[in-house]
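Dropping a structure here in structure tokens format, bear with me for questions.
The values are calculated or read from the model by the stated rules, or taken from the named source; none is laboratory data. All of these numbers come straight from a predicted model, not from anything done at the bench. Please note: Cβ atoms are built from the backbone with ideal geometry, for glycine as well, and neighbour counts cover all protein chains shown.
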Amino acid sequence: MPIDEQLNAAIDAARAAVIAIADAGTVGDHLRAVDDGERLVSHHFACLKPGYVGWYWSVSLSRAPDSDKITVNDVVLLPGDDAIIAPEWTPYRERIRPGDLSPGDVLPPDEDDIRLVPSWSAGDGEEQTDDRFYAREVGLGREWVLSFEGREMAADRWQDGEQGPDTPIAQQAAGSCNSCGFLVSMAGPLSDRFGVCANGMANDDGRVVSFDHGCGAHSGARLSRSAAFQELPPTVFDTVGVDDVDEF
């Protein structure tokens, strides 16, 4: 359907409508007329408001059938394709990263957090239910413990992180953490994959490391022959000692 000619030509009426609500000097040139439907047209004007580069004023006009009276439906300020707009809002819980919490900050878990289960139910549904490691937590003060999903999420995060096997320091290490004397064993269902580094000279001291992680501070590390101390052979020409010179 072709654009309504009467509404298409009503540029002055549209400009008057936007000038009535906009700050003085913020309405620029007419940019375009857009056909929004039967007897419905929007006129766009450039926005000259500081800080709104790429935005435009949009004035929606309409008229009734067999009527010459133009009605202003709406006047809005909209972002164009090149406009600078704020990023899409992200809930605060999704924005928080490790290290963001300050003293006094509180970050409670969601009520339906899949990472946690009541301590009395931990272990249900797993292959090895005879041990029920978390069953001993019942009555010992912890109402919630890690669920199977929570443990796997933590394991994946540690395995893929800086204390995993894919870091440059681990890939160039002579030995892995599972054979290092500085590795402290953990208890619980993650003890077969992770431990804690106790080497005060290592980068990961006090951190959870995967068994296949590694670094140059391994307990079995030794300097190569080229890097070790080597006794130098006797000098051929003595440039250090003092020569005795006969007096003339």
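Being modelled with pLDDT under 90 and closer than 30 Å to V117 by Cβ is true for just one of A227, A221, A187, A154. Which residue is that?
A187
For segment 88-120, which residues satisfy the criterion of being surrounded by 10 or more Cβ atoms within 10 Å (Cβ to Cβ), more than 22 Å from R157 (Cα to Cα) and modelled with pLDDT of 80 or more?
P118 - this is the single residue of segment 88-120 that is surrounded by 10 or more Cβ atoms within 10 Å (Cβ to Cβ), more than 22 Å from R157 (Cα to Cα) and modelled with pLDDT of 80 or more.
Still on this structure, please answer the following. Within segment 45-57, can you find the residues that are surrounded by fewer than 20 Cβ atoms within 10 Å (Cβ to Cβ), assigned to a strand (DSSP E or B) and out of contact with any Gly (no Cβ under 8 Å at 6 or more places or on another chain)?
The answer is none; no residue qualifies.
From the list D66, D36, which one is at pLDDT 90 or above, acidic (D, E) and more than 30 Å from W144 (Cα to Cα)?
Within the list D66, D36, the selection yields D36.
Identify the residue in segment 13-36 that is within 26 Å of D66 (Cβ to Cβ) and either of a type in the set (A, V, I, L, M, F, W, C) or surrounded by fewer than 10 Cβ atoms within 10 Å (Cβ to Cβ) (or both) and, among all such residues, is nearest to the chain's Cα centre (by Cα).
V34
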